[in-house]
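Read through the structure below, which is laid out as structure tokens, and then see the notes.
Just so it is clear, none of the values below were taken in a lab; they were calculated from the coordinates. Owing to the predicted nature of the structure, the values given are computational and were not obtained by experimental measurement.
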Amino acid sequence: MRFVMLGSVAAASVLTCGCATITRGTNQNFVVESSPSQANVTLSTGQTCITPCTLRMKRKSEFVVTIAKNGYVTQEAHIHGVVKGGGGAALAGNVIFGGLIGAGVDTANGSLMNLKPNPLQVTLVPVGAAAQGSDAPAAATESGATGGR
């Protein structure tokens, strides 16, 4: 009987390894919004869409987003995965309940990370306003997007 209980505990430990992988997954929705909308979005990964749009991306990705629309300055933003919020808590829970194997699995597959910034919100600058310089509106909100290309 003791071996059965011990075996059950061992099996439960193995099954709970990688808790963040189970609860959060290794992918997340990445949202791109622009003002004005209907801008062309191209990721350095090759994916494309038209704003507003949502793409399914790996949490531990690093890529560049290019936002372009006729009559507006093309902008770029750098996106990367960072450990954030629930990811750190999931890692702590893994160490306590799942052991180092679960923590290692979650760290390696990126399930502890979130893409940043997300959502990416970009205000496109008309070509004429960009030439004037000082009167141009801000390029992006919380995005790190840069005007010009």
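What Kirkwood hydrodynamic radius, in Å, does the range 24-68 give when the mean of 1/r is taken over all pairs of distinct Cα atoms and then inverted? The partial results should precede the final answer.
Details: mean 1/r = 0.0919 Å⁻¹.
This gives a value of 10.9 Å.
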| remark: Phi angles of the range 119-128, converted by Karplus (6.51 cos²θ - 1.76 cosθ + 1.60, θ = phi - 60°) into ³J(HN,Hα) in whole Hz with x for Gly and Pro, give x, 8, 10, 10, 9, 6, 9, x, 3, x
